Every structure is written in structure tokens, then in C-alpha cells.
Amino acid sequence: MKSQIDHLVVAAHSLQQGVEWCEATLGITPAAGGEHEKYGTHNRLFKIATPAFPVAYLEIIAINPDAPAPGRPRWFDLDRRAPEAAPGLSTWVVRSEQLAQHAAAASEDLGPLEPMSRGALTWHLTLPADGSVPLAGVAPAVIEWHTERHPAAGMADCGLSLVELLLVHPDPERVQRLLRSLNLQGPVRVRACQASQGPHLEAWIQTPSGLRQLTGAMPVLKAG
């Protein structure tokens, strides 16, 4: 029972801010995504696949200002992001074909299984009820798609690929234990935090212009 990297999640205050960040950081304009009515969010997407993982992608997600409030905390800690917080890696998602079993086997509580949809796409995802990201985003969400074709299979190849995802946490053995419990496959490495750091993600993306680093330092949060 294996799992593998499905996608990375970059949170932004607005989708336009996320697009501008992507253009400045990676040199591409992400493709249109869609809306998540259940959480009042919308996204943009682009492929970061490799030969070993041909359907991996990156999602830029933000609150949709034209959508009604969902009446529940939005996912990926979006409600707690302050307007001045720069776009950054919020969390990551691993793909499973046996989601219930993976969620039960996980050494961390990743949240209940939530049914989701966007247009013709449907899936289930582990999501904490309070909208938080487990282990400050170092722990992944687990997804099971209910579509015959993975959404990244139809994305254009922009020449970007994920080289490595680094999980930085003060208790690296705790993170390693979680990865083992999920039987994760992919270019993921775990490192202990330095004294001045908190838990966060770092990703290295190969682009036509060279290697680029994405970071997910803890964002500025709203007061209160």
C-alpha cells in the first residue's frame, strides 16, 4: 500500500498575488484552475512532473472574494493568513488509491476524510475540521481521486519539474515515522530545524532558467 507525491500547495492572499509570485519566481504563468464552492476558494495550476512521477503538479490557492463565506474554517489555514503575508508553501498532498487505509495507518491525525469537487473533478481528502495544516504543513494531506484521468495528465508541460521536497521540523524522527506509515514514494527528505527556524517546507523546482527554491516559512497571521 504505497502513496506518492500528488501536488504542492502554495497559499496566497489573492490569486493575482499568487500568479505574480509564480511569474517572478519560476518564470511561468500558471494555467487556469477553478473554484471550490465548499470552501470559497479558487486556484491556478501547473505541472511539476518528473519521469518517475508524471502527474505531479503545484497548486496556487487563495480565498475567492466573489464566493460566499463557507460557514466553516477554510482549508490550508487560509483564514489565518494576514494580507501582508507573501505567497509560500503551505502544505503538500500525497496520492493514495486506498485513502481510508492510509489515513488509519498514519502515525499522525491528518483529519477526517472530506468529499470535494471542482467542476467535473471529485475526490476525498484528509482535512482537519479547524482548517489547520498538520505539523505546520510538514505533514501532508492524503488524497484519493475519483476520476479516471488524473487532472495533471491534461496540463501543459512548462518545462518545470520537482527535484526535491524538504520537510523541516524540530522532531525529524516524528516526521520520518509518518512517512513510513504512509509508505511514501518520492523525492522527499527530512531535516531538523535550526534554532532560529520553525517547521516549514522547502522545494527545489528545475526550470528552463535553472534551479529555483520555494519556501514555506510560517506566514504572518491575523491578530486575534
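None of the figures in this text is laboratory data; all of them are computed from the coordinates on show. Computed from a predicted structure; not experimentally measured. Neighbour counts run over all protein chains shown; Cβ positions are idealised from the backbone, glycine included.
General observations
- Debye intensity ratio I(q)/I(0), log10, region 34-109, q values 0.14, 0.16, 0.22 Å⁻¹ (C-alpha model): -0.64, -0.81, -1.16
- Cβ crowding within 10 Å, taken as a proxy for footprinting-reagent exposure, orders 79, 6, 130, 66 from fewest neighbours to most as 66, 130, 79, 6.
- Per-residue 3J(HN,Hα) values for region 187-194, derived from phi via the Karplus relation 6.51 cos²θ - 1.76 cosθ + 1.60 with θ = phi - 60°, read x, 10, 10, 10, 9, 6, 5, 7 Hz in sequence order (x marks Gly and Pro).
- Convex hull volume per residue for region 99-141, taking Cα atoms only, in Å³: 75
- In units of the rule-of-thumb radius 2.2 N^0.38 Å, region 106-169 shows an alpha carbon radius of gyration of 1.34.
- Two-site FRET efficiency, residue 146 against residue 207, from Cβ-Cβ distance with R₀ of 41 Å, rounded to 0.05: 0.80
- Share antiparallel - DSSP beta bridges, the chain, percent rounded to 5: 75
- Amide proton proximity set for residue 41, modelled H, under 5 Å, gap of 5+: 36, 64
- Our summary gives the chain a relative contact order of 23 percent, counting only alpha carbon pairs under 8 angstrom and 6 or more residues apart.
- Cα gyration tensor of region 134-224 - equivalent ellipsoid semi-axes, whole Å, descending: 25, 19, 15
- Here region 12-169 is described by how far its Cα atoms reach on the three principal axes: 40, 38, 36 Å, from widest to narrowest.
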